[in-house]
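One structure is given below, encoded as structure tokens.
The values are calculated or read from the model by the stated rules, or taken from the named source; none is laboratory data. Being a predicted model, the structure only gives us computed values, none of them experimental. Please note: Cβ atoms are built from the backbone with ideal geometry, for glycine as well, and neighbour counts cover all protein chains shown.
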């Protein structure tokens, strides 16, 4: 751990020496969300301006092939959160003020068409009184895979085998889970073939379960699996259509009115793009299957759309988000209708985590402006209802709020949402998010109360 913290200190010092001029140098790779997608072989060109510690960003291993190299990198994210009503205060939750600290260190080895990528994580949550699997993971392997990229016929074949992260589309349901402290990894085999505007994907995975007591004790097993086939098609430069079938299995699953081995067949369609000042992202999902003796019939429909006034000062964007996901409308019948959000990203609604996808109707108009080219400010208000009063109100990711199932009043409440993102340099960013959730009567009768959340974040990548 001391080694990780020392590397953090050195990296931050290196960043401060780099300066803004180097940060805006377009010849250098950007720090990517997925660090394994970066290509640091550009540093083989002596004309590319150097930054401190570049000797560790690009270590050539072949005099004749600049694409054969070893690279190291680092991510640090520190977020202070205060939340006066986790789970709306039901169950006696009290005021919480805590830190979410994430450190990731990776090594990337490129050998011709092969790539070996390894990333370790160290995640702490000082002062947080109740730790969940997404809060802390003291030291473990976050990713460790071998990949192959090779031309095959008129297209390109890409293979990955090992522990890895994956995400689809807007990350509503298959996500890296970057919002919480511990990201979601999968022990998986992944294959995709890209040819022209088409991309074909197949994968089998066992989601990684997070443990804390000992280093490198995370595991996966056949008790939970996620596998599927996906097709993507580019319809234009900025317009895409995708569809996939997936199979989700989980032994010993428990819902309010059903328990047993869960088997879900998932059918998903996604359509997104931009045209002129308009942007949109829509998705629909159907879930069929069984859990114990009950059939599963669940669904989701949602979209985010907006228009940006590019010629107006601060480039304001007017947006509207709509989501509706099924709940269980017949608790005593033979069908479970509660939607399973699978592996959600944790910040699709808001980082506060007050509500999640199951049994919800969510409407969110918003205004986004850019006070500077490097900053973005979003203001929104979002009323919510239950899709059926027979089912509960759910907090993220799919935790029922006790005492709300089967109670009258479909109105859940309204939250007010503010978020500021500011890119300080090419590898250092700042964000602040504030949420006030005014609860409806169904939550108040269950012993809940209004919630206030503030999160302040600093993130660094090297």
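Things worth noting here:
- Applying the set (1) in contact (Cβ under 8 Å) with a residue 40 or more places away in the chain; (2) crowded, with 16+ Cβ neighbours inside 10 Å; (3) at positive phi to residue 447 leaves exactly one unmet item: (2).
- Within region 96-131, the set of residues being surrounded by fewer than 16 Cβ atoms within 10 Å (Cβ to Cβ), assigned to a strand (DSSP E or B) and in contact (Cβ under 8 Å) with a residue 40 or more places away in the chain comprises 111 only.
- Condition broken by residue 212, with the remaining ones in (1) at pLDDT 95 or above; (2) over 16 Å from residue 266 (Cβ atoms); (3) in contact with a strand residue (DSSP E or B) (Cβ under 7 Å, 6 or more places away or on another chain) satisfied: (1)
- Scope region 422-431; condition touching a strand residue (DSSP E or B) at 6+ places or on another chain (Cβ under 7 Å) and either surrounded by 16 or more Cβ atoms within 10 Å (Cβ to Cβ) or in a helix (DSSP H, G or I) (or both); matching residues: 423, 424, 427, 428, 429, 431
- Among (1) in contact with a strand residue (DSSP E or B) (Cβ under 8 Å, 6 or more places away or on another chain); (2) touching a residue at least 40 places away in the same chain (Cβ under 8 Å); (3) over 29 Å from residue 420 (Cβ atoms); (4) assigned to a loop (DSSP other than H, G, I, E, B) - the single one residue 66 does not satisfy: (2)
- The set of residues from region 350-366 being more than 16 Å from residue 385 (Cα to Cα) and assigned to a strand (DSSP E or B) comprises just one member, 366.
- The one condition in (1) part of a loop (DSSP other than H, G, I, E, B); (2) crowded, with 18+ Cβ neighbours inside 10 Å that residue 333 fails to fulfil: (2)
- Residue match in region 82-92 (condition: assigned to a strand (DSSP E or B), at negative phi and at pLDDT 85 or above): yes
- Of all the numbered requirements in (1) under 24 Å from the mean Cα position of the chain (by Cα); (2) under 27 Å from residue 100 (Cβ atoms), residue 438 misses one, and that requirement is (1).
- Test: residue 289 is buried (at least 18 other Cβ atoms within 10 Å of the Cβ), touching a residue at least 24 places away in the same chain (Cβ under 8 Å), within 30 Å of residue 100 (Cα to Cα) and in contact with a strand residue (DSSP E or B) (Cβ under 9 Å, 6 or more places away or on another chain): no
- The set of residues from region 264-282 being buried (at least 17 other Cβ atoms within 10 Å of the Cβ) and either at pLDDT below 95 or within 21 Å of residue 328 (Cα to Cα) (or both) comprises 264, 266, 268.
- Number of the condition not met by residue 407 [criteria: (1) buried (at least 16 other Cβ atoms within 10 Å of the Cβ); (2) in contact with a strand residue (DSSP E or B) (Cβ under 8 Å, 6 or more places away or on another chain); (3) at pLDDT 95 or above; (4) over 21 Å from residue 287 (Cα atoms)]: (2)
- Within region 104-139, the residues that satisfy the criterion of being closer than 16 Å to residue 208 by Cα and in contact with a strand residue (DSSP E or B) (Cβ under 6 Å, 6 or more places away or on another chain) are 118, 119, 120, 121, 122, 123, 136, 137, 139.
- Qualifying positions in region 390-409 - in contact with a helix residue (DSSP H, G or I) (Cβ under 8 Å, 6 or more places away or on another chain) and either closer than 15 Å to residue 337 by Cβ or part of a loop (DSSP other than H, G, I, E, B) (or both): 393, 401, 403, 404, 407, 408, 409
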